[in-house]
Every structure is written in structure tokens, then in C-alpha cells.
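S.K.: Let me give you the structure first, and then I'll get to my questions.
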Amino acid sequence: MTKAIIETGWNFDNSYARLPESLFSKLNPTPVRAPRLIMLNEPLAAALGLNAEALQDDDGVAVLAGNRIPEGALPLAQAYAGHQFGYFTMLGDGRALLLGEQITPKGERFDIQLKGAGRTPYSRRGDGRAALGPMLREYIISEAMHALGIPTTRSLAVVATGESIIRETHLPGAILTRVAASHLRVGTFQFVAKWGSRQDLRTLADYTLQRHFPEADGEENRYLTLLREVIKRQAALIAQWQLVGFIHGVMNTDNMALSGETIDYGPCAFMDAYNPDTVFSSIDSQGRYAYGNQPPIAAWNLARLAEAMLPLLHDDEEQAVQLAQDAISEFAELFRRHWLAGMRAKLGLLNEEPQDESLIDDLLAMMHKYRADYTNTFRALTFDKPGETVLTGTPEFESWHALWQKRRTDQTEPMTSSHQLMRNSNPAIIPRNHRVEEALEAAVNDGDFSVMKRLLEALASPYAHTLEQEEFAAPPESCATPYRTYCGT
Ligand code: AMP
Ligand code: MG
């Protein structure tokens, strides 16, 4: 009997491959020895128009492992540059390959990228591979970010390669299938500005406009509009990071997507106790990418984008610089507005009052002083459980709490609306570092994926506030060595 062939549903277009050739290198993934599907994101597969069953059979897994090129795909590594910790350098996909752009049944376009698919012309000294632990980590955190309502690249699958890779020790290798609105980065513009022609730069800008900001097409200065729209999206994105205590860890300009999605989950982590100086990344010794620095760093990165775009903004260089500076100077205010709106929601404030900023600043100052857990302080306020925050009993908190209560009851809307707003704005859980590590250890060391699956389930509805989520909400027991995340994974 012949097995019925189920169509996987790959439906590729390859618009990136139609850009100037200097922007990419066409090449196939390097096959791996013994692919084994570890994770498959079924809801995401369905949204992409892919058949989850077909993705799990041998041919389906072979595609996710880079061993088989699906029809219509045109694998390529993208060239880009970037400022890494402030220093400009040539980069490019050193271990990732774009298979193509999946056109979904709704007509949306998503990059399908294999991360860890082998060496490319941009690999420098790297091996082109990725380890299982960090790829599962990206899977967990990107999906948690998505569930929190924060724009992000997503994770379709993780395949173990059956090969070991060498880092400090031998580690099991893996490939992550990353799904993104696009992989256009600030660094893509930097690359073309530095090494491409002016025409290439215009082509790239037109492509970015078409892909992410099609409504700007008829604008008088559409390239200025592009810059300003990217700035707007980043202001909104970084505000969302700050509001949930997310620390990206390596905000180099090559890790900033023009689509406004969070991209490149390397040494990222969520903050437990509130402290603007929090840094997790082992390579960020100066604290350049500390929690509190993320907004100004985003503005700095956007200034690098503006610089790269200067020739497009105006024929007269001085005027181009002026336009760029004006656009960049809007970031701080845009960010502040998003952040304030988000903080008001976290405190159940349905309207705006001039004293709100000091109410928010005072709360954060207390949280900093008493090392209060960021997420759980807002949870305690939401559910009116003062016993669950270390702030309770401090003189500052008692007077702050009275002011806040008065501010809430003075609103015209009923308290139930305020409470509902808080429930919807303060997550029950975030992917706490110790929980993520526990899940990864079970998966990588013992081949036990049940811990990770339970964690993913709890993280899938962060605003549900269910009983099952309680156990995941506890902060780590304080320990002497601070949590560290590692790059070059
Ligand atoms: P990241 O810090 O992950 O954004 O990576 C910075 C650059 O290093 C990018 O160009 C990556 O493609 C490249 N890279 C990271 N890991 C590897 C690896 N194992 N092999 C080759 N290139 C890599
Ligand atoms: Mg990167």
C-alpha cells in the first residue's frame, strides 16, 4: 500500500534573493548526521499554512535540519555589518541560512531561517553550528515574549543534529527554525552604506518600505518616513521590554530589526529584583547593555541607522544631517510616552494625571532600595496582597500605597475596571532564569523534555493568572553568584 503523501505546505517566495547580489551569498545548508525533531510549534506551523504532521515525518524533519531543500526555497546567507559593543565590523549570517519567505494562507510573508545550518562566507572563525541548550533557550524565551504580546521573531522548531559541537566542552548540536517578519537589520543598512552603491542603498530602502511600511509609499520624503517609522516601532518595542523587565543583553546594531521585532536571543534574561544596573551577559563587563541603558542604546543604534541613510534623506548633506537629528531626537519622547502609558496600565490608572510620573518613579525607587522582585511587586499590587512584597511595612510604602489608592478611587471608572487593567498588564509569570535553566538541564542532560513543556505551557498565557502558574512565579532563592548568560552560543 502506498502511503498517502501529505503536502507540508511550503509556499516560498524569494524576494530577498532579488536584491543586489552583494547583499547575500547563495548556498545550501551543510547536511547533518542524524536529525531528530525535538520541538515543533504546532500553532505557529498552522498559522504559516504548514501541516504539522508532514513536518514531523522524515522528509519534513530533513527540511528543518537543512538536509533537504524544499521546493521553492533558495537558501542564502545575508550580509550585514554592525556596531558590536560600539565598534563597527563586518558580520553577516555566520551560521544561519534563509530558506525563503513563506507566504501564509492569509498572504503574510515570513522569513524562514535555519539557525545553526553550517558555515557560510560570513562565518569568520565560527563553526556555523549551534548548541541544543541555547536553541531551546531561544525557543522558550521568544515564545514567552510572543505570549506577552511583545513583537518578536518566533521559533517553529528545534532539531537535534546528532552531531556534537565544541565549545568549552562537547555539546549536542541543534538547528532552530526561526520565523521573522524579516531579517532586515540596522546593520543591513550599515553594510550597504559602507560597501554598496547609492543605488543599492535606495533599493534596500525601497525594499524595506515595501515589506514593512507600504503605507509610506506615497509620502513626499519616503526615506525620512522610513527612518521615522523604524524609530517609532523601536520606541514602542523597547518600552515593552522595560515594562516586563526584559534585558536583551547584546543590543548591537546587527541585532536590531527594522520590523520592530525583538531578534537574536543570545545572553538575554528577565530581571528578578528591580535594579536598573542589571546585566546578565558575561561579555558585557561595562554594563553597556544594562536594563536601564536599553532606551539610550536603542537611540544610539537608530542614530547609526540614520547615518547610514543620510544620502537618501536629502541631497544636501547638512540638511540631511538636520533631518536625521530631528528624527532621532524624537525617540526619547516617543519611548517615554509608551512607557508611561504602560506603567499607568500596570498601576490600574485609566486616565492621565500630572502626578503619575512621580507616583511611578517613587514606586521604582522603593523597589530598587528594597530589592523588590519586579514582576511580583506588580502582581502583589494587582491582587492586593501586600504580604507578597518586601515593600510592605516600610514607611515609604505605606504612604505611597495610600496615595496610589486615592489616585485609583478618584477615577471616574469603577475599581473593577482598574483591577482588570492591572490583570491584563501585569504578567502572572515571566520566564525566570532559574526555571529556564532547570528546563534546559532536564532536556539537554537527561533527555527529559517534560519540564520544558510544562514551563512553555505556563508561559503561553501570562495574563491568565491561574493556580497552575503559581509555582513558576517564585523568584529564585537569593544566591551568592549572580546569574550569568553566555554569548557565542
Ligand atoms: P550574535 O552575537 O549572535 O548576534 O552573532 C554575531 C555574529 O557572529 C553574527 O554574524 C553571527 O552569525 C556570528 N556567529 C555567531 N556564532 C557563530 C558560529 N558558531 N559560527 C559562525 N558564526 C557565528
Ligand atoms: Mg546577531
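The values are calculated or read from the model by the stated rules, or taken from the named source; none is laboratory data. Note that the structure is predicted; figures quoted are calculated from it, not measured. Heads up, the Cβs are rebuilt from the backbone with ideal geometry, glycines too, and the neighbour counts pull from every protein chain shown. Each accessible area value is taken on the protein alone, full model and side chains, heavy atoms only, with ligands, DNA and RNA left out. Shrake-Rupley method; radii C 1.70, N 1.55, O 1.52, S 1.80 Å.
S.K.: If you go through the range 137-165 one residue at a time, how many are without any contact (Cβ under 8 Å) to a residue 24 or more places away in the chain and either open to solvent by less than 10 Å² (accessible area, probe 1.4 Å) or among the small types (Gly, Ala, Ser) (or both)?
M.R.: The number of residues fulfilling the criteria is 1.
S.K.: Which residues, taken from the range 335-393, are open to solvent by less than 10 Å² (accessible area, probe 1.4 Å) and either touching a Cys at 6+ places or on another chain (Cβ under 6 Å) or acidic (Asp, Glu) (or both)?
M.R.: Within the range 335-393, 356 is the sole residue that qualifies.
S.K.: Taking the range 101-144 only, how many residues are hydrophobic (A, V, I, L, M, F, W, C) and within 16 Å of ligand 2 (Cβ to nearest atom)?
M.R.: Total satisfying the criteria: 6.
S.K.: Just for the range 168-187: of the residues that are out of contact with any Gly (no Cβ under 9 Å at 6 or more places or on another chain) and over 20 Å from residue 30 (Cβ atoms), which one is surrounded by the most Cβ atoms within 10 Å (Cβ to Cβ)?
M.R.: My answer is 182.
S.K.: Between residues in the range 252-273 that are closer than 29 Å to residue 367 by Cα and residues that are acidic (Asp, Glu) and at pLDDT below 95, which pairs lie under 9 Å by C-beta distance while being six or more apart or on different chains?
M.R.: Note: pairs meeting the criteria are 267/284.
S.K.: Looking at this structure, is residue 320 in contact with a helix residue (DSSP H, G or I) (Cβ under 7 Å, 6 or more places away or on another chain) and without any contact (Cβ under 8 Å) to a residue 60 or more places away in the chain?
M.R.: So residue 320 passes the test.
S.K.: Read through the list (1) within 16 Å of ligand 2 (Cβ to nearest atom); (2) of a type in the set (A, V, I, L, M, F, W, C); (3) open to solvent by 10 Å² or more (accessible area, probe 1.4 Å), then give the number of the only condition that residue 98 fails.
M.R.: (3)
S.K.: Do you know which residues across the range 437-473 are surrounded by 13 or more Cβ atoms within 10 Å (Cβ to Cβ), without any contact (Cβ under 8 Å) to a residue 40 or more places away in the chain and in a loop (DSSP other than H, G, I, E, B)?
M.R.: If the condition is that a residue be surrounded by 13 or more Cβ atoms within 10 Å (Cβ to Cβ), without any contact (Cβ under 8 Å) to a residue 40 or more places away in the chain and in a loop (DSSP other than H, G, I, E, B), then 448, 464 are the ones that fit.
S.K.: Name every residue in the range 201-260 that is touching a Pro at 6+ places or on another chain (Cβ under 7 Å) and within 16 Å of ligand 1 (Cβ to nearest atom), in order of residue number.
M.R.: Passing the criteria: 249, 250.
S.K.: Just to be sure I understand, how many residues within the range 109-140 are hydroxyl-bearing (Ser, Thr, Tyr) and closer than 24 Å to residue 437 by Cβ?
M.R.: Restricting attention to the range 109-140, the residues satisfying the condition of being hydroxyl-bearing (Ser, Thr, Tyr) are 120, 122-123, 139.
From what is left, the residues that are closer than 24 Å to residue 437 by Cβ are 139.
Adding up the residues that qualify gives 1.
S.K.: Another question, if that's okay. Among the residues of the range 206-234, count how many are among the hydrophobic types (A, V, I, L, M, F, W, C) and surrounded by 21 or more Cβ atoms within 10 Å (Cβ to Cβ).
M.R.: 5
S.K.: Go through the range 103-114 residue by residue and tally those that are open to solvent by 30 Å² or more (accessible area, probe 1.4 Å) and either touching a Cys at 6+ places or on another chain (Cβ under 6 Å) or not basic (Lys, Arg) (or both).
M.R.: Residues that pass the stated criteria total 5.
S.K.: Applying the selection to the range 3-44, what residues are closer than 29 Å to residue 165 by Cβ, open to solvent by 30 Å² or more (accessible area, probe 1.4 Å) and part of a loop (DSSP other than H, G, I, E, B)?
M.R.: Scanning the range 3-44 gives 10, 27, 28, 30, 31, 33, 34, 35.
S.K.: Need pairs with beta-carbon distance below 8 Å; first residue open to solvent by less than 30 Å² (accessible area, probe 1.4 Å) and polar (S, T, N, Q) and within the range 115-136, second within 16 Å of ligand 2 (Cβ to nearest atom) and not in a loop (DSSP other than H, G, I, E, B); sequence gap 6+ or separate chains.
M.R.: As it stands, the answer is 120/77; 120/96; 120/97, since those pairs meet every condition given.
S.K.: Residues in the range 244-258: is at least one on the phi > 0 side of the Ramachandran plot, within 16 Å of ligand 2 (Cβ to nearest atom) and surrounded by 22 or more Cβ atoms within 10 Å (Cβ to Cβ)?
M.R.: Scanning the range 244-258, I find at least one residue that is on the phi > 0 side of the Ramachandran plot, within 16 Å of ligand 2 (Cβ to nearest atom) and surrounded by 22 or more Cβ atoms within 10 Å (Cβ to Cβ), so the answer is yes.
S.K.: Given (1) acidic (Asp, Glu); (2) within 21 Å of the chain's Cα centre (by Cα); (3) open to solvent by 20 Å² or more (accessible area, probe 1.4 Å), where does residue 284 come up short, assuming only one miss?
M.R.: Evaluating residue 284 over (1) acidic (Asp, Glu); (2) within 21 Å of the chain's Cα centre (by Cα); (3) open to solvent by 20 Å² or more (accessible area, probe 1.4 Å) leaves (3) as the failure.
S.K.: Inside the range 59-89, can you point out the residues that are within 13 Å of ligand 2 (Cβ to nearest atom), part of a strand (DSSP E or B) and open to solvent by 10 Å² or more (accessible area, probe 1.4 Å)?
M.R.: Of everything in the range 59-89, those that are within 13 Å of ligand 2 (Cβ to nearest atom), part of a strand (DSSP E or B) and open to solvent by 10 Å² or more (accessible area, probe 1.4 Å) turn out to be 83, 84, 89.
S.K.: How many residues are away from ligand 1 (no atom under 16 Å from the Cβ) and small (Gly, Ala, Ser) if we restrict to the range 261-270?
M.R.: The total comes to 0.
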